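A short worksheet on the structure shown next.
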Amino acid sequence: MEFDDEAEHRRLFRVETNSPQIKAVFSLEQGGSLSAKATKNTVIQSFKIVILSNKLNLLLPFGPLAILVHYLTDNKGWFFLLSLLGITPLAERLGYATEQLACYTGPTVGGLLNATFGNVTELIISIIALKNGMIRVVQLTLLGSILSNMLLVLGCSFFCGGIVFSRKQQVFDKGNAVLNSGMLLIAVMSLLFPTLLHYTHSEVHAASSELVLSRSTSCIMLVSYAAYLFFQLKSQPSFLTESEETWDDDEVPEISKWEAIIWLLIFTAWVSLLSGYLVDAIEGASVSWNVPISFISVILLPIVGNAAEHAGAIMFAMKDKLDLSLGVAIGSSIQISMFAVPFCVVISWMMGEQMDLNFLLFETAILFISVIVVAFFLQEGTSNYFKGLMLILSYLIVAASFFVHQDPDQDDT
């Protein structure tokens, strides 16, 4: 299998721009003019561009292999691992198809499209888990995505950028970093209050006040995230300038609008299919590996959705473009905490399930402390390899904590 170097370079650039703010900015700046340059491809050409130009797609065969293992053996551990590997390239290709489609939709729709589909893999897994009544898996998976982006992705970016530019301190927009830290603290506050209400036993109506607070808070969080998107897209000229400088003026969509729609539907269907198998195998994998479900949900599952973002954020940092690295890492954390989490609460409400924002004391405390640590490292507007190393080690502490943490039954809390 041969890969085109230029196509691979373009793919890597798109991987780097997986945050809603960055991709929506590109839609704002490029949306109207790119469609005229796009050409239609044959089926074979489209397949080569979308599938064969991406080395990560070497993992695609693991998806069908996982399904085969599911029906031929009872080994849930192998089945879960193969499913994880199979979904990883699909998550990245979903982002690619979404970005291609956004080139044709204009600024407003393009921005909303990119913001909505920025973490579609996590949303699909969460919705399937909700349909199966696995509310704790949903909560833990979303929590893990936030922690992974904040600590691991950002930490690796700071560390690799600091190694490459060891003779100087890298800098980023301090004001934007402080704003993002504030958004993360608002997200923690939204999770903390229902948790405190639960553990202080101070509900006005026992067993219902906590759920009502969670649902009303979720609606407010969605409004807050919409306002945040509007502010980033309309009121940040410095961010727009930085993004414009990074984007290649000759860059055009590689596939047509209908090709992008078809590929988006194909990848979404394939992710949905594999996610269904993946969610069903979580408990079996936990027993097979003798690993807590909380560790699988918080540490292993988020790796699937964050693999592409991880590579992109590091590559930006190694090019001394830390503002864009933060846009990928912190921007994704904000999207999950301020959009994906409340969205799942609202969806569960519509399904008749009772998902709330009480992530339990242990998980909420870890998130709160992690946000504080990240906020302290961002407040100076500078980074180096030592800060990156500390964030990575912090993530390892979190991973070790969940490895020895047995998630209690809801009745015991």
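Accessible area per residue for the stretch 318-396 in Å², computed with a 1.4 Å probe and the full protein assembly in place, what is it?
On the way: 2820 Å² over 79 residues.
Accessible area per residue: 36 Å².
Taking the stretch 116-216, which trypsin sites (Lys or Arg not before Pro) meet the DSSP loop condition and have no more than 10 other C-beta atoms within 10 Å?
Details: sites: Lys131, Arg136, Arg167, Lys168, Lys174, Arg215; in loops: Arg167, Lys168.
Those that pass, being in a loop and sparsely packed, are Arg167, Lys168.
Output the pairs from Lys55/Lys387; Lys234/Lys387; Lys234/Lys319; Lys174/Lys321; Lys321/Lys387 with a Cα-Cα distance over 20 Å in this structure; if there are none, say none. Please list the in-between numbers first.
Numbers: Lys55/Lys387 31 Å; Lys234/Lys387 31 Å; Lys234/Lys319 26 Å; Lys174/Lys321 14 Å; Lys321/Lys387 16 Å.
The answer is Lys55/Lys387; Lys234/Lys387; Lys234/Lys319.
Which lysines, on any chain, are close to Lys40 with Cα under 18 Å apart, when same-chain ones fewer than 8 places away are left out?
Lys48, Lys257
Sort the following peptides by mean Cβ neighbour count (other Cβ atoms within 10 Å, averaged over residues), highest first: 401-408, 355-362, 137-144. Spell out each step's value before the answer.
Numbers: 401-408: 15.2, 355-362: 21.0, 137-144: 26.8.
Packing order, densest peptide first, comes out as 137-144, 355-362, 401-408.
With the other protein chains left in place, how much accessible area per residue, in square angstrom, belongs to the stretch 136-181 at a 1.4 angstrom probe? All intermediate terms of the calculation are to be shown ahead of the outcome.
Working: 1490 Å² over 46 residues.
Value for the stretch 136-181: 32 Å² per residue.
Take peptides 279-287, 53-61, 120-128 and line them up by average Cβ neighbours within 10 Å, highest first, as a rough protection proxy. Each step should come with its number before you reach the end.
Working: 279-287: 19.4, 53-61: 17.0, 120-128: 24.7.
So the order, starting with the most tightly packed, is 120-128, 279-287, 53-61.
Within the stretch 349-413, list the GluC sites (Glu not before Pro) lying in a DSSP loop whose Cβ has at most 13 other Cβ atoms in a 10 Å radius. Working shown, then result.
Details: sites: Glu353, Glu363, Glu380; in loops: Glu353, Glu380.
Loop-located and lightly packed - Glu380.
Using the per-residue mean of other Cβ atoms lying within 10 Å as a proxy for protection, in what order, highest first, do the peptides 290-303, 177-190 fall? Walk me through the intermediate numbers first.
Details: 290-303: 21.4, 177-190: 18.9.
Descending mean neighbour count gives 290-303, 177-190.
The values are calculated or read from the model by the stated rules, or taken from the named source; none is laboratory data. Everything numeric in this text was worked out from a predicted model, so none of it was measured. Ideal geometry is used to build each Cβ from the backbone, glycine not excepted, and the neighbour counts take in all protein chains shown. Accessible surface is based on the protein model in full, side chains and every heavy atom, while ligands, DNA and RNA are left aside. Shrake-Rupley method; radii C 1.70, N 1.55, O 1.52, S 1.80 Å.
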